[in-house]
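Enquirer: Dropping the structure in here first, questions after.
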Amino acid sequence: MTPTVFIDGEAGTTGLQIRQRLESRSDLRLLSIDPERRKDAEARAELLNSADAVILCLPDAAAKEAVSLVTSPKVKIIDASTAYRTASGWTYGFAELGPDQRTAIAASKRISNPGCYPTGFIALTRPLVDAGLIPTDWPITVNAISGYSGGGKGLIEEFEAEAAAGSSDAFRTYGLTLQHKHVPEMQKYGGFDHPPLFAPSVGRYAQGMIVEVPLQLWALPEAPKPQDLLKALSEAYKRERFVSVATAEEIHALQMARAGAGGFNADLDPEALNGTNQMKLYVFGNAQTGQARLVALLDNLGKGASGAAVQNLNLALGLPEAAGL
């Protein structure tokens, strides 16, 4: 039988993009709630328990409420909120995390979709921790910028209204209390003993993001070279469809581009992978100074949200992993 899927919160930014990726598929059937009853707990409970798989695109509290309404043991839940990302009994939905992660996702009935920033951070750092190139107790730092769509409807409306009024600020930094809700999953799945120092910002563009981890290689044990980091990342993702690693030749070309224009060398476009489930990783290094900048490029609403949710849905339902992507 054709599996059924209910998106609880399909009117939101992530929910809309998930629906767009699923609605033309013939290998599953979407269930929808009457818009007038979307806040009716009884109506939601009926759909939540009748579907083979449910994708929750809700705030944390609403996601927890939705999970509490599921009583059917057959329903598989994919939660896009932060409510269960480090919770016991939930499988982390980053299929590329390790060799057994796909099997774990496929076997699970409770899957937590990763956050957009953690997707880039974990992809960059976890293979290096596993390879022993970064110690688990290292004081790691991550800087990132995302399009304003990552902030939900409120921030989208604010930025678009300000743009119409002629606002000129290019970006804003935030998370100044150093308690961003993505940090716990960064620490846990990055493999670190301590919380990363996370410096996020939002740009005046809709979607797409760059996540960057700077490293003082000379201070690391064994003082690895930039090529050691590149080799470890390339090996980790060499068979992956949705995560790729830039070659040494690509990286060199970016480093040399516009070299005479004031030093603006690695000129990456955060919107380059928009609309895809792709993520590309880079290692920009300088062997002489013993420094490196690890960079992840992805769509915060693609591999960082809706694309990852569809990828997890496919795995959970035993469908081709790349279907709809």
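The values are calculated or read from the model by the stated rules, or taken from the named source; none is laboratory data. Quick caveat, the model's predicted, so the values are computed rather than measured. Don't worry about glycine lacking a Cβ; one is built from the backbone with ideal geometry, like all the others, and counts go over all protein chains shown.
Enquirer: Of the conditions (1) in a helix (DSSP H, G or I); (2) under 16 Å from Val295 (Cα atoms), Trp218 satisfies every one except a single condition; which number is it?
Expert: Among (1) in a helix (DSSP H, G or I); (2) under 16 Å from Val295 (Cα atoms), Trp218 violates only (2).
Enquirer: Look at Pro226 and say whether it is crowded, with 16+ Cβ neighbours inside 10 Å, touching a Ser or Thr at 6+ places or on another chain (Cβ under 9 Å) and not charged (D, E, K, R).
Expert: Answer is no for this residue.
Enquirer: Filter the stretch 288-303 down to the residues that are under 16 Å from Val142 (Cα atoms) and touching a Leu at 6+ places or on another chain (Cβ under 7 Å), then identify the one that is surrounded by the fewest Cβ atoms within 10 Å (Cβ to Cβ).
Expert: The selected residue is Gln291.
Enquirer: Also, I was wondering about something else. Kindly check whether there is at least one residue in the stretch 131-140 that is assigned to a loop (DSSP other than H, G, I, E, B), within 14 Å of the chain's Cα centre (by Cα) and either buried (at least 24 other Cβ atoms within 10 Å of the Cβ) or at negative phi (or both).
Expert: Within the stretch 131-140, not a single residue is assigned to a loop (DSSP other than H, G, I, E, B), within 14 Å of the chain's Cα centre (by Cα) and either buried (at least 24 other Cβ atoms within 10 Å of the Cβ) or at negative phi (or both).
Enquirer: Hey, among the residues in the stretch 188-223 that are under 14 Å from Thr125 (Cβ atoms) and among the charged types (D, E, K, R), which one's surrounded by the fewest Cβ atoms within 10 Å (Cβ to Cβ)?
Expert: Result: Asp193.
Enquirer: For the stretch 12-30, indicate whether the set of residues that are part of a strand (DSSP E or B), surrounded by 13 or more Cβ atoms within 10 Å (Cβ to Cβ) and either under 19 Å from the mean Cα position of the chain (by Cα) or modelled with pLDDT of 90 or more (or both) is non-empty.
Expert: Yes, that holds for at least one residue.
Enquirer: Restrict the check to the stretch 10-21 and report whether at least one residue is among the acidic types (Asp, Glu) and in contact with a strand residue (DSSP E or B) (Cβ under 7 Å, 6 or more places away or on another chain).
Expert: Checked the stretch 10-21: no residue is among the acidic types (Asp, Glu) and in contact with a strand residue (DSSP E or B) (Cβ under 7 Å, 6 or more places away or on another chain).
Enquirer: Could you check the stretch 222-325 for helices (runs of 4 or more DSSP H) lying wholly inside it with 3 or more residues that are in contact (Cβ under 8 Å) with a residue 40 or more places away in the chain?
Expert: 226-236, 307-317
Enquirer: Quick check on my filter: what residues within the stretch 109-128 are more than 15 Å from Glu185 (Cα to Cα) and either in a loop (DSSP other than H, G, I, E, B) or among the hydrophobic types (A, V, I, L, M, F, W, C) (or both)?
Expert: Of everything in the stretch 109-128, those that are more than 15 Å from Glu185 (Cα to Cα) and either in a loop (DSSP other than H, G, I, E, B) or among the hydrophobic types (A, V, I, L, M, F, W, C) (or both) turn out to be Lys109, Leu128.
Enquirer: Of a type in the set (A, V, I, L, M, F, W, C), within 25 Å of Thr173 (Cβ to Cβ) and in contact with a strand residue (DSSP E or B) (Cβ under 8 Å, 6 or more places away or on another chain) - does that describe any residue in the stretch 229-251?
Expert: no
Enquirer: While we're looking at this one, here's another question. Just give me the residues in the stretch 186-220 being within 20 Å of Leu297 (Cβ to Cβ) and touching a Lys or Arg at 6+ places or on another chain (Cβ under 9 Å), in sequence order.
Expert: If the condition is that a residue be within 20 Å of Leu297 (Cβ to Cβ) and touching a Lys or Arg at 6+ places or on another chain (Cβ under 9 Å), then Tyr189, Gly190, Ser201, Val202, Gly203, Arg204, Glu212, Val213, Pro214, Leu215 are the ones that fit.
Enquirer: What pairs come up if the first residue lies in the stretch 170-188 and is among the small types (Gly, Ala, Ser), the second is assigned to a loop (DSSP other than H, G, I, E, B), and their beta carbons are under 8 Å apart, counting only those six or more places apart or on different chains?
Expert: Taking only residues 6 or more apart or on different chains, the pairs are Ala170/Arg204.
Enquirer: Which of the residues that make up the stretch 70-108 are in contact (Cβ under 8 Å) with a residue 40 or more places away in the chain, assigned to a loop (DSSP other than H, G, I, E, B) and surrounded by fewer than 18 Cβ atoms within 10 Å (Cβ to Cβ)?
Expert: Across the stretch 70-108, the qualifying residue is only Thr86.
Enquirer: While we're looking at this one, here's another question. Among the residues of the stretch 234-256, which ones are more than 22 Å from Ala287 (Cα to Cα) and in contact with a Ser or Thr (Cβ under 7 Å, 6 or more places away or on another chain)?
Expert: Within the stretch 234-256, Tyr237 is the sole residue that qualifies.
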